[in-house]
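S.K.: Provided herewith is a single structure, encoded as structure tokens, for subsequent inquiry.
Please treat every number below as a calculation from the coordinates, not as lab data. Keep in mind it's a predicted model, so treat the numbers as computed, not measured. Virtual Cβ from ideal backbone geometry, glycine too; neighbours counted across all protein chains shown.
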Amino acid sequence: MKTTTLQEANLFKVTIQGEVDATSSLKLDQAIKKALDTPDIKGVIVDCKVLDYISSAGLGVFIANHQDFKEQNLRIIPFGLNKQVESTFELVGLNELFTIVSTEEEAVALLNQ
């Protein structure tokens, strides 16, 4: 797994590439938590266009960070999930905790509302 982080226009973007498993989920957690320490952001968009697979540990990263973001009135918006990854999110109910959209433009628009 490779993550890249970019802050622009008062939002934080995390890009995930490859697979998120038990080992690489720590890297994802660190990238997402970095946003909590960034002043004046509206939230995090997570680019999953090239995310091939996510394990339960990777899903746990989203679940674990949900409450911290909610307490700071921030949102995490994943976008660009392939069918397999989207099904995995739905299977554990993450589609009810997070707004999942198709494109980066939709994610940015949601944060700017």
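Condition check ((1) more than 24 Å from Q113 (Cβ to Cβ); (2) buried (at least 18 other Cβ atoms within 10 Å of the Cβ); (3) charged (D, E, K, R); (4) touching a residue at least 60 places away in the same chain (Cβ under 8 Å)) across all residues:
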site	(1), (2), (3), (4)
V20	yes, yes, no, no
C48	no, yes, no, no
A64	yes, no, no, no
G80	no, yes, no, no
K83	yes, no, yes, no
L91	yes, no, no, no
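S.K.: Hey, another quick one. Would you pick out the residues in region 32-65 that are touching a Phe, Trp or Tyr at 6+ places or on another chain (Cβ under 8 Å) and of a type outside the set (V, I, T)?
M.R.: Passing the criteria: K34, A35, L36, G43, D47, C48, K49, L59, F62.
S.K.: For I32, are the conditions met, namely being closer than 16 Å to A107 by Cα, surrounded by 13 or more Cβ atoms within 10 Å (Cβ to Cβ) and in contact (Cβ under 8 Å) with a residue 12 or more places away in the chain?
M.R.: Details: closer than 16 Å to A107 by Cα: yes; surrounded by 13 or more Cβ atoms within 10 Å (Cβ to Cβ): yes; in contact (Cβ under 8 Å) with a residue 12 or more places away in the chain: yes.
So I32 passes the test.
S.K.: Taking region 1-29 as the region of interest, how many residues are hydrophobic (A, V, I, L, M, F, W, C) and either touching a His at 6+ places or on another chain (Cβ under 9 Å) or under 19 Å from L111 (Cβ atoms) (or both)? Give the steps one after another, and end with the answer.
M.R.: Within region 1-29, the subset hydrophobic (A, V, I, L, M, F, W, C) is 1, 6, 9, 11-12, 14, 16, 20, 22, 26, 28.
Next cut, either touching a His at 6+ places or on another chain (Cβ under 9 Å) or under 19 Å from L111 (Cβ atoms) (or both) only: 6, 9, 11-12, 14, 16.
The total comes to 6.
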